[in-house]
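Worksheet for the structure shown next.
The values are calculated or read from the model by the stated rules, or taken from the named source; none is laboratory data. Predicted, not measured: the structure shown is a model, and the values here were computed from it. Using ideal geometry, Cβ is built from the backbone for each residue, glycine included, and neighbour counts are taken over all protein chains shown. Note: accessible area is taken over every heavy atom of the protein model, side chains too, but ligands, DNA and RNA are not part of it. Shrake-Rupley method; radii C 1.70, N 1.55, O 1.52, S 1.80 Å.
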Amino acid sequence: MRMIVAGNWKMNKDRDEATALIAALKELTLPQGVEVIVAPAFPFLAIAVDQLAGSSILVAAQDCHEKSHGAYTGAVSVPMLRSIGVKACIVGHSERRQYFGETDKVVGLKIGALLEHGLIPIYCCGESQEERVSGKHFEVVTNQVKVALGALSSEQLSRVVIAYEPVWAIGTGLTATSAQAQEMHAHIRGLLSAHGADLASRVPILYGGSCKPDNAAELFANRDVNGGLIGGASLDAAQFGELIRLAGRA
Ligand code: PGA
């Protein structure tokens with residue numbers, strides 16, 4: 001199984017900073033079997049694609065609209081992203097759910113639009129702290145996955161990347177233990193096995209939530225952890241480079 005290290009820059013980096021970070025990432029030697037993705041903010045996607053021409057690093061958006069065009073002020077469609085060479089898109093991030101009211105139903109439509117136009121959806125799911133403490137985490141993630149991915153055909157599912165991001169671990173410095181991550185990743189893979197064990201084993205499931213160079217080796221060593229969706233540590237080339245190196249050794 002390939003490993004994926006994806007950097008979610010969120011609402012960080014202006015043009016000069018984004019350009020400098022990409023220039024530094026371009027210098028990295030990428031280990032065999034590791035796919036690297038960066039997700040800058042919308043204004044810098046085209047710049048990132050141009051700057052990364054000739055590199056195997058892919059550029060992702062952090063969100064998209066489910067419709068392909070129309071009167072949706074402020075929105076960006078999948079065909080627009082595709083037209084500038086964006087290859088993937090994060091959807092369902094907990095910050096989109098929390099601050100922008102995104103639901104799994106809408107996320108499911110976005111995933112459909114991405115697949116229709118040949119982009120890779122990076123679908124984020126994960127429970128809140130309250131849900132974890134009350135022991136509902138498996139139920140919550142099961143529902144998220146069923147609503148957002150339940151209607152996909154096996155062929156469509158084979159083009160999806162899933163990121164398990166426990167909300168209580170995002171940007172908090174708290175990380176799921178290696179065992180907690182493995183347990184939930186195995187659970188998610190179990191849900192996918194309705195499409196057959198072989199397909200389920202091929203869908204990458206990334207861990208996200210305060211994944212840093214000092215905890216990544218342990219997380220990445222798990223059988224069902226196929227890399228990371230990295231926020232804070234993706235803003236620094238040295239840290240992100242180290243995460244890529246660790247993924248190559250997992
Ligand atoms: P973090 O963010 O690494 O800063 O916790 C992860 C994410 O939100 O994707």
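Some points to look at:
- Qualifying position, being at pLDDT 95 or above, among the acidic types (Asp, Glu), part of a helix (DSSP H, G or I) and over 21 Å from Asn215 (Cβ atoms), among Glu130, Glu155: Glu155
- Any helices (runs of 4 or more DSSP H) falling wholly within region 12-118 and containing at least 1 residues that are under 24 Å from Leu235 (Cβ atoms): 15-26, 45-51, 78-83, 94-100
- Search result, residues across region 194-216 that are touching a residue at least 12 places away in the same chain (Cβ under 8 Å), within 16 Å of the ligand (Cβ to nearest atom), assigned to a helix (DSSP H, G or I) and open to solvent by 10 Å² or more (accessible area, probe 1.4 Å): Pro213, Asn215
- Selection within region 159-199 - within 18 Å of the chain's Cα centre (by Cα) and either under 23 Å from Ala113 (Cβ atoms) or acidic (Asp, Glu) (or both): Arg159, Val160, Val161, Ile162, Ala163, Tyr164, Glu165, Ile188, Leu192
- Residue within region 180-201 that is hydroxyl-bearing (Ser, Thr, Tyr), more than 18 Å from Gly150 (Cα to Cα) and out of contact with any Phe, Trp or Tyr (no Cβ under 6 Å at 6 or more places or on another chain) present: no
- Of the residues Ala88, Ala75, the single one that is within 16 Å of the ligand (Cβ to nearest atom), of a type in the set (A, V, I, L, M) and touching a strand residue (DSSP E or B) at 6+ places or on another chain (Cβ under 7 Å) is Ala88.
- Residues in region 176-193 include none that are in a helix (DSSP H, G or I), within 10 Å of the ligand (Cβ to nearest atom) and touching a residue at least 12 places away in the same chain (Cβ under 8 Å).
- Tally of residues being among the β-branched types (Val, Ile, Thr) and surrounded by 14 or more Cβ atoms within 10 Å (Cβ to Cβ) across region 173-189: 2
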